[in-house]
Structure formats: C-alpha cells, structure tokens
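The values are calculated or read from the model by the stated rules, or taken from the named source; none is laboratory data. This structure is a prediction, so every number in the text was calculated from the model and none was measured. For neighbour counting, all protein chains shown are included, and Cβ atoms are generated from backbone atoms with ideal geometry for every residue, glycine included. Calculation scope for accessible area: heavy atoms of the full protein, side chains included, ligands and nucleic acids excluded. Shrake-Rupley method; radii C 1.70, N 1.55, O 1.52, S 1.80 Å.
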Amino acid sequence: MSATAGTSAPPKVRAATTSLAGCFGCHMSFLDIDERILDLMKIVELDRSPLTDIKHSGPCDIALIEGGCCNAENVHVLRELRANARILVAVGACAITGGLPALRNKLDVGDILNEVYRTPDGVGSNVPKDPELPLLFDKVYPVNEVVRVDYFIPGCPPSGDTIWKFLNDLILGRMPRLNHDLMHYD
Ligand code: SF4
C-alpha cells in the first residue's frame, strides 16, 4: 500500500467507501467491527466516505463499494472511485448482483414510478421532474458491469467479522481468504 502521511508519521493506507443503490446496511456492518475500528484507524485513513462526508475521492489504495448502479450519479461516483483507487472492492449482494434494488429489473420503470407517485385520487401521478435529479436507469446494474472490480465480498450484508478479516488480509499484503464461518448465511 502507498504511503500518504508525512515523513514523521508511519504510512497509512488510504481508503474510500461509498453507498450507491444500497441501504447502508453494508456500512452498518463495517461499523460492527466495533472497537476494532480504533486499531484500523491507526493504519488507515479515510478518503471519501459517508463516515467522513468527503464528497469526492482522491487517490486512494482501497475503495469499498456498497450497492449497484440505479442512476447516472451512481455511475459517475463509481467511475471516479475506480479512477482513483488501486483496489476496488464490491461489498455485499447489491454491489455484486444488483441485490434487492434489482428486483425491479423485470418491471417497466415508468410503470413503477407511476405506481409509487400515484396521486391520492388514484387517477394520475406526480413523478418528480426536477432537472437536478439524476437520470434513473431502466435497470439496476451490478458494479462489475460498469467498472473493473478487484474483489467481491458476498453477503447481505457481509458480517463485521468478514469485512474485518478481508481488510486485515488486504492491508497486510495477504491474499484475502474468507473461510466457511464467514461465508455461510443460514
Ligand atoms: S447487500 Fe444487503 S445490507 Fe448491503 S446494501 Fe444491499 S440490501 Fe443493504
């Protein structure tokens, strides 16, 4: 991993995280590493992340992606992270397959919007048309259909222990390995 701190401080791994079309459950799971986050922050500094509220990523070592791509803004954010991150990781079912948001993929997106924004009298719909809203896609796309992905961490969400083990392996230069205990969902 590259050094990003000054000469007097030990080098830290720079990591970014983002939530695209996800529910933030994977980020909540990341926080489930509990007090171990204090150890992690000794060797990692966060770039763009909901945890820092930094809006744009800079060069970083690792980018953790939660959620798939359901709109144009998701793609913009994802491509910015791919351009800046040495290692990009799809975290959770939504990033890997589209997950729950992709359940709408077999339906017509116009029909869905009209149903969701139906007026109280049931006759018309008030679908938001603000030009600042990102363009909604007809389908929800997994991350690897938009950019190259280096690693996948399955689960909905992956457990805090799973994320912890993965990050430890990666940061310490080992091939990340998740054994059965970290990969079963029953
Ligand atoms: S994989 Fe599960 S927990 Fe993670 S964002 Fe998707 S629905 Fe939420």
For the chain, built as a Gaussian network whose Cα springs stay under 10 Å, the top-fluctuating residue of Asn105, Asn71, Asn126 = Asn126
Return the Cα extents of segment 69-186 along principal axes one, two and three, sorted largest first, each rounded to a whole Å.
-> 58, 37, 20
Please calculate the 1.4 Å probe accessible area of Thr52, with all protein chains present, and give it to the nearest 10 Å².
-> 50
Whenever you get a sec, compute what percent of the accessible area on segment 58-108 sits on carbon and sulfur atoms (1.4 Å probe).
-> 63
Calculate how many DSSP beta bridges within the chain are antiparallel, expressed in % of all such bridges and rounded to the nearest 5.
-> 25
How much area per residue is accessible in the chain when the probe is 1.4 Å and only protein heavy atoms are counted (Å²)?
-> 56
Rounded tilt (10° steps) of 160-171 against the dominant C-alpha axis of the chain = 50
For the chain, modelled as a Gaussian network with Cα springs under 10 Å, which listed residue fluctuates most, Gly122, Gly22, Gly67?
-> Gly122
Taking only Cα atoms and a 10 Å spring cutoff, compute GNM fluctuations for the chain and point out the largest among Ile33, Ile65, Ile153.
-> Ile33
Compactness of segment 13-137 - radius of gyration and Dmax, Cα, Å | 17.3, 58
List, in order, the whole-Hz ³J(HN,Hα) value for each residue of segment 20-32 obtained from phi through the Karplus relation with A = 6.51, B = -1.76, C = 1.60 and θ = phi - 60°; use x for Gly and Pro.
-> 8, 7, x, 10, 6, x, 5, 5, 4, 5, 4, 5, 5
Tell me, what HN-Hα J-couplings in whole Hz come from the Karplus equation 6.51 cos²θ - 1.76 cosθ + 1.60 at θ = phi - 60° for each residue of segment 81-92, using x for Gly and Pro?
-> 5, 4, 5, 9, 9, 6, 10, 10, 10, 7, 10, x
Efficiency of FRET from Cβ geometry, Asp53 and Asn126, R₀ 35 Å, rounded to 0.05 = 0.65
Taking the chain and counting helices only, DSSP H stretches of n ≥ 4 at -39,500 (n - 2.57) each over all residues, the nearest-500 ellipticity at 222 nm comes to -8000 deg cm²/dmol
Quotient of C-alpha Rg and 2.2 N^0.38 Å, computed over segment 98-166 = 1.57
